[in-house]
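Visitor: Have a look at this one.
The values are calculated or read from the model by the stated rules, or taken from the named source; none is laboratory data. Computed from a predicted structure; not experimentally measured. Note that each Cβ is placed from the backbone with ideal geometry, even for glycine, and that neighbours are counted across all protein chains shown.
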Amino acid sequence: MERGRILELTTIVLAAVVLIVLGVISDGYLALINSGNYLSAQQKQDAIPIKVIAFQYAWEFVYPNGTTTIDKLVLKANQTYLLEIQSKDVIHAFYIPQLGFKFEAIPGYVYDFYIVVKTPGTYDIWCAEFCGPGHYTMKGTLIVVS
């Protein structure tokens, strides 16, 4: 075999090995990240629905008892909730960076998202979609209580 052909085959084999190793590592991390995201049918049935309504430049949260809050969502740790994400005006993105959740809020659509937060604390809620000149002010707070 000529030298160029050997170099070509070596490059292909090494690239394949690197891609396989990266795939295995990524799969392990994805499994770790998603390990808590699988809910049983019973958990979904028992979920407490909360409407999440985005509008320029705030988040409105409507609880089952009719209580409404602006830019402040309070959840109980280890409880399953169904967030019904929607928008009144333009496209927004409901983003909780510390938890890795990001969902679009598009006018005319409702996105159902089940969430269980295990660790009490305070988390940021941001709009991650440019929604107008006041976009930078569209910030909320998720408070998880025990």
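Visitor: Going through the stretch 71-115 one residue at a time, which ones are touching a residue at least 40 places away in the same chain (Cβ under 8 Å), in a strand (DSSP E or B) and of a type in the set (A, V, I, L, M, F, W, C)?
Guide: LEU73, VAL74, LEU75, PHE94, ILE96, ALA105, ILE115
Visitor: Among the residues of the stretch 27-52 satisfying the criterion of being of a type in the set (S, T, N, Q) and closer than 23 Å to GLY100 by Cα, which is modelled with the lowest pLDDT?
Guide: The residue in question is SER35.
For every residue, the table says whether it meets (1) polar (S, T, N, Q); (2) at pLDDT below 90; (3) more than 17 Å from LYS139 (Cβ to Cβ); (4) assigned by TED's automatic domain parsing to the domain that holds TYR136.
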site: THR10; (1), (2), (3), (4): yes, no, yes, no
site: VAL17; (1), (2), (3), (4): no, no, yes, no
site: ILE25; (1), (2), (3), (4): no, yes, yes, no
site: HIS92; (1), (2), (3), (4): no, no, no, yes
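Visitor: Given the structure, is LEU142 farther than 13 Å from PHE55 by Cα, surrounded by 16 or more Cβ atoms within 10 Å (Cβ to Cβ), under 17 Å from the mean Cα position of the chain (by Cα) and without any contact (Cβ under 8 Å) to a residue 60 or more places away in the chain?
Guide: So LEU142 does not fit the description; no.
Visitor: Continuing with the same structure: When you go through GLU60, GLU104, GLU84 one by one, which is the residue that is of a type in the set (D, E, K, R) and within 24 Å of ALA41 (Cα to Cα)?
Guide: Step by step, each of GLU60, GLU104, GLU84 is checked, and only GLU84 is of a type in the set (D, E, K, R) and within 24 Å of ALA41 (Cα to Cα).
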